[in-house]
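The block underneath contains the structure these notes are about, expressed in structure tokens.
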Amino acid sequence: MALTLNKNSRIYVAGHTGMVGSAITRKLLGSGFTGVVTRSHAELPLDDVSAVKAFFSSARPEYVVLAAAKVGGIVANATQGADFIRENLQIQTNVIDAAYRFGAERLLFLGSSCIYPKSATQPISEEALLTGPLEQTNLPYAIAKIAGKTMCDAYAQQYGFDAFTVMPSNVYGVGDNFHPENSHVVAGMMRRFHEAKSRGSHEVVVWGTGSPMRELIDADDLADACVFLLQYYEGGGMINVGTGEEISIRALALLMKSVVGFEGKVEFDTSRPDGTPRKVMDNSKLTALGWRPQLTIEAGLRKMYDWFVQSGHLRV
């Protein structure tokens, strides 16, 4: 397959205001790509099929990065399941179909590692998909992402559309969501430690036992991988993107304590859910292509916290 992506190609990043979408946009612009196209939700509601068709008919992007999604942590998934599956199915269906029908050459769909079975053999290979039950705490979101991946595969098979899925490990970084109930583990933990430090609290309580293992990837590293794959990946289907470095929630909490500069105790509320016990990706397909992450977990957390403080993102 001869790829024609060049610095002038029209590249539409759907979801450019989110953590991953903004990182991909920064990476593209920083790498000299001049045809990057973005639209805010107010300008283009992706759950509106007519609006999406009108945009693609007018803008005619050659490449599409589908990073737009409704996302959240354990609490948000448990309480807003209907919203998660409905909105994500609408966004994916509208964008993937319009990209094909209006002549896009290639589409990269951002999935999520939560699509893999809860008890999948570790490290998790791409072939583990649909081989066992999913984690119940984020089932509606996971089902939506599986549907998006399957839609890309079906459009590739039936129509010859060059659509593939990137499956990242747990993402964190600049631009993350720090909502006290809807955030993912890293941002939620950073907020709690920051607030505790600001209030002079003597302890921070972390949900669960602290035993689950997570593979984390900084959003800018993920963006670098996505731009790399958009240019060079020819395998179709799905490819994992992670660092190969995993950390327990307990170790993450202690590292976060150090990064934030909190001096109190860290306690674990074992009455709260742990989620998936271990989740580390098999990244051998990606590393075989020559890509490697740049940031360690500690370096990524320090970069994220520096931005968090300097931007005044959260005023306690």
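The values are calculated or read from the model by the stated rules, or taken from the named source; none is laboratory data. What you are looking at is a predicted structure, and each value in this text was computed from that prediction instead of being measured. Positions of Cβ are generated from backbone atoms using ideal geometry, with glycine treated the same way; all protein chains shown enter the neighbour counts.
So which residues in segment 126-140 are touching a Ser or Thr at 6+ places or on another chain (Cβ under 8 Å), crowded, with 17+ Cβ neighbours inside 10 Å and in a loop (DSSP other than H, G, I, E, B)?
Listed by number, the list holds a single entry, Glu135.
Evaluate segment 163-183: report whether one residue or more is at positive phi and in contact (Cβ under 8 Å) with a residue 40 or more places away in the chain.
The answer is yes; a qualifying residue exists.
(1) touching a helix residue (DSSP H, G or I) at 6+ places or on another chain (Cβ under 7 Å); (2) hydrophobic (A, V, I, L, M, F, W, C); (3) in a strand (DSSP E or B); (4) within 30 Å of Tyr12 (Cα to Cα): which one isn't true of Val206, the others all being true?
Going through (1) touching a helix residue (DSSP H, G or I) at 6+ places or on another chain (Cβ under 7 Å); (2) hydrophobic (A, V, I, L, M, F, W, C); (3) in a strand (DSSP E or B); (4) within 30 Å of Tyr12 (Cα to Cα) one by one, Val206 breaks only (4).
Condition check ((1) hydroxyl-bearing (Ser, Thr, Tyr); (2) under 16 Å from the mean Cα position of the chain (by Cα)) across all residues:
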{"position": "Pro133", "(1), (2)": "no, no"}
{"position": "Tyr155", "(1), (2)": "yes, no"}
{"position": "Phe161", "(1), (2)": "no, no"}
{"position": "Phe164", "(1), (2)": "no, yes"}
{"position": "Pro168", "(1), (2)": "no, yes"}
{"position": "Asp176", "(1), (2)": "no, yes"}
{"position": "Leu216", "(1), (2)": "no, yes"}
{"position": "Ala219", "(1), (2)": "no, yes"}
{"position": "Gly236", "(1), (2)": "no, no"}
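Only one of these is touching a strand residue (DSSP E or B) at 6+ places or on another chain (Cβ under 6 Å), over 17 Å from Gly18 (Cβ atoms) and not aliphatic (A, V, I, L, M): Arg106, Arg86. Name it.
Going through Arg106, Arg86 in turn, the sole match is Arg106.
Determine whether segment 277-285 contains at least one residue that is at pLDDT 95 or above and among the polar types (S, T, N, Q).
Within segment 277-285, one or more residues are at pLDDT 95 or above and among the polar types (S, T, N, Q).
Out of all the residues in segment 60-80, which are over 18 Å from the mean Cα position of the chain (by Cα) and either hydroxyl-bearing (Ser, Thr, Tyr) or surrounded by 15 or more Cβ atoms within 10 Å (Cβ to Cβ) (or both)?
Pro61, Glu62, Tyr63, Ala78, Thr79, Gln80
Output the residue which, of all residues in segment 141-173 that are part of a loop (DSSP other than H, G, I, E, B) and modelled with pLDDT of 95 or more, is surrounded by the most Cβ atoms within 10 Å (Cβ to Cβ).
The residue in question is Gly173.
Evaluate segment 37-54: report whether one residue or more is among the hydrophobic types (A, V, I, L, M, F, W, C) and within 15 Å of the chain's Cα centre (by Cα).
No: zero hits.
Residues of segment 251-276 being among the β-branched types (Val, Ile, Thr) and either surrounded by fewer than 14 Cβ atoms within 10 Å (Cβ to Cβ) or modelled with pLDDT under 95 (or both), which ones?
Hits for segment 251-276 are Thr270, Thr276.
Any idea which of Thr93, Thr165 is of a type outside the set (Phe, Trp, Tyr) and over 20 Å from Asp218 (Cα atoms)?
Testing whether each residue is of a type outside the set (Phe, Trp, Tyr) and over 20 Å from Asp218 (Cα atoms) leaves just Thr93.
Condition test on Glu263, is it farther than 13 Å from Leu216 by Cβ, acidic (Asp, Glu) and in a loop (DSSP other than H, G, I, E, B)?
Yes.
Within the group Gly290, Gly300, which residue is of a type outside the set (Val, Ile, Thr) and exposed (fewer than 14 other Cβ atoms within 10 Å of the Cβ)?
That would be Gly290, the only listed residue that is of a type outside the set (Val, Ile, Thr) and exposed (fewer than 14 other Cβ atoms within 10 Å of the Cβ).
If Gly200 meets every condition in (1) touching a residue at least 12 places away in the same chain (Cβ under 8 Å); (2) out of contact with any helix residue (DSSP H, G or I) (no Cβ under 6 Å at 6 or more places or on another chain); (3) closer than 16 Å to Val260 by Cβ apart from one, which number is that one?
(1)
Are there strands (runs of 3 or more DSSP E) fully within segment 213-254 with at least 1 residues that are in contact with a Phe, Trp or Tyr (Cβ under 8 Å, 6 or more places away or on another chain)? List them.
In segment 213-254, 213-218, 238-241 are the strands (runs of 3 or more DSSP E) which contain 1 or more residues that are in contact with a Phe, Trp or Tyr (Cβ under 8 Å, 6 or more places away or on another chain).
Here is a yes/no grid of residues against (1) closer than 23 Å to Leu28 by Cα; (2) in a loop (DSSP other than H, G, I, E, B); (3) free of Cβ contacts under 8 Å to residues at least 24 places away in the same chain; (4) touching a Ser or Thr at 6+ places or on another chain (Cβ under 7 Å):
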residue	(1), (2), (3), (4)
Ala69	yes, yes, no, no
Gln90	no, no, no, no
Val95	yes, no, no, no
Pro117	no, yes, yes, yes
Gln122	no, yes, no, no
